[in-house]
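Trainee: Have a look at this one.
The values are calculated or read from the model by the stated rules, or taken from the named source; none is laboratory data. Bear in mind the structure is a predicted one, so any value in this text is a computation, not a measurement. Cβ: placed from backbone, ideal geometry, glycine included. Neighbour counts: every protein chain shown.
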Amino acid sequence: MKTQKKILAHISYKNAEGKTIPGATTILKNLGWNTDALIGWARREALAGNDPTKIKDIHADIGTLAHYLCECDIKGKTPELDEYSKANIDIAQECFKSFLEWKNFHKIEYAVSEMKLISEQYQYGGTIDLYCQSEGKGILADIKTSSGIFPEMKIQAIAYKQLLEEHGHKVDEVYILHLERDGGFTPHRIGKPDVYWEVFKHCLELEKLKKMC
């Protein structure tokens, strides 16, 4: 029997009172981050005679699979790959090999994936891709599959840092692990966390005002 492809389902978050609150991703997405870049990419592909939707679907498949392989490794699970094409598996495996090199370089002692957390103080939620400990340091890593690293990704990662710290987890370093669509892999360490956190807090306020309109 063939397995079902891993689907990243919408995740809902509820506070201590049982009220639904927005996730960090939703807050940033609703405010239009990176929309212009996506529109520009689609226009360029269409002018070149390509089908942007088809290209996007292929890239999404590779990205989802690469993310899935990393998640399975963190959780100690065996990935189910029956419904993916060999070509996509080969590209995703290249990303995954580089992820393992990054993990081994940091001598990870403890790791947890898909940690769902709620901020009661700021009333938002988020799901952590990877939190690990390495030689006494707490490391947060957000895994991204995209054409590049965009500001909202850094803002989102720092919002996750706040979630972890609010729940008593020490965070010394924050990374975006960029799984590139051609099989490449680049770890980006995020600096200026205070600046990105201020931006996110303003986004939270805008989200509240938006609901009042």
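Trainee: Restricting attention to region 98-123, which residues are more than 16 Å from PRO22 (Cα to Cα) and of a type in the set (D, E, K, R)?
Mentor: GLU101, LYS103, LYS107, GLU109, GLU114
Trainee: Where residues in region 77-105 are aromatic (Phe, Trp, Tyr) and within 19 Å of the chain's Cα centre (by Cα), which of them is surrounded by the fewest Cβ atoms within 10 Å (Cβ to Cβ)?
Mentor: Filtering region 77-105 for residues aromatic (Phe, Trp, Tyr) gives 84, 96, 99, 102, 105.
Imposing the further condition that a residue be within 19 Å of the chain's Cα centre (by Cα) reduces the set to 96, 99, 102.
Details: PHE96: 23, PHE99: 23, TRP102: 16.
Once the filter is applied, the top-ranked residue is TRP102.
Trainee: Only one of (1) over 20 Å from THR127 (Cβ atoms); (2) within 18 Å of the chain's Cα centre (by Cα); (3) among the aliphatic types (A, V, I, L, M) fails for ALA157. Which number is that?
Mentor: Checking ALA157 against (1) over 20 Å from THR127 (Cβ atoms); (2) within 18 Å of the chain's Cα centre (by Cα); (3) among the aliphatic types (A, V, I, L, M), the one that fails is (1).
Trainee: Please go through region 130-157 and give me each residue that is surrounded by fewer than 21 Cβ atoms within 10 Å (Cβ to Cβ) and among the polar types (S, T, N, Q), ordered by number.
Mentor: Correct list: GLN133, SER134, THR145, SER146, SER147.
Trainee: Right, something else. Just give me the residues in region 1-24 being modelled with pLDDT under 50, surrounded by 13 or more Cβ atoms within 10 Å (Cβ to Cβ) and closer than 25 Å to ILE149 by Cβ, in sequence order.
Mentor: The answer is LYS6, and nothing else.
Trainee: I would also like to ask the following. Condition check: in a strand (DSSP E or B), in contact with a Lys or Arg (Cβ under 9 Å, 6 or more places away or on another chain) and either acidic (Asp, Glu) or crowded, with 18+ Cβ neighbours inside 10 Å (or both). Does HIS178 satisfy that?
Mentor: Criteria met by HIS178.
Trainee: Another question, then. Condition check: closer than 18 Å to ILE128 by Cα and at pLDDT below 85. Does GLY40 satisfy that?
Mentor: No; evaluated as a whole, the condition is false for this residue.
Trainee: Identify all residues within region 160-172 that are more than 14 Å from the chain's Cα centre (by Cα), crowded, with 17+ Cβ neighbours inside 10 Å and either closer than 24 Å to LEU65 by Cα or not hydrophobic (A, V, I, L, M, F, W, C) (or both); write none if there are none. Can you show your working first?
Mentor: Step one: list which residues in region 160-172 are more than 14 Å from the chain's Cα centre (by Cα), which gives 162-172.
Still in the running and crowded, with 17+ Cβ neighbours inside 10 Å: 162-164, 169, 171.
Result: GLN162, HIS169.
Trainee: Which condition breaks for TYR131 when tested against (1) of a type outside the set (Val, Ile, Thr); (2) under 20 Å from TYR13 (Cβ atoms); (3) touching a His at 6+ places or on another chain (Cβ under 8 Å); (4) not in a strand (DSSP E or B)?
Mentor: (4)
Trainee: Next question, about the same structure. What's the number of the condition HIS59 fails, among (1) more than 17 Å from PHE185 (Cβ to Cβ); (2) modelled with pLDDT under 85; (3) not β-branched (Val, Ile, Thr)?
Mentor: Failed condition: (1).
Trainee: What residue, of ILE27, ILE108, ILE74, is more than 18 Å from the chain's Cα centre (by Cα), modelled with pLDDT of 85 or more, surrounded by 11 or more Cβ atoms within 10 Å (Cβ to Cβ) and not polar (S, T, N, Q)?
Mentor: ILE108
Trainee: If you don't mind, another one. Hey, can you tell me all the residues within region 159-181 that are farther than 13 Å from THR25 by Cβ and touching a Phe, Trp or Tyr at 6+ places or on another chain (Cβ under 9 Å)? Quick ask: steps written out before the conclusion?
Mentor: To start, the set of residues in region 159-181 that are farther than 13 Å from THR25 by Cβ comprises 161-162, 164-181.
LYS161, GLN162, LEU164, GLU166, HIS169, VAL171, VAL174, TYR175, LEU177, HIS178, LEU179, listed by residue number.
Trainee: Take region 112-137 and flag every residue that is of a type in the set (Gly, Ala, Ser) and modelled with pLDDT of 95 or more.
Mentor: Selection gives SER119, GLY125, GLY126.
Trainee: Enumerate the pairs (first residue in region 191-207 and touching a residue at least 40 places away in the same chain (Cβ under 8 Å) and on the phi > 0 side of the Ramachandran plot; second residue anywhere and among the β-branched types (Val, Ile, Thr) and surrounded by fewer than 13 Cβ atoms within 10 Å (Cβ to Cβ)) with beta-carbon separation below 9 Å, excluding pairs fewer than 6 apart on the same chain, so at least 6 apart or on different chains.
Mentor: none
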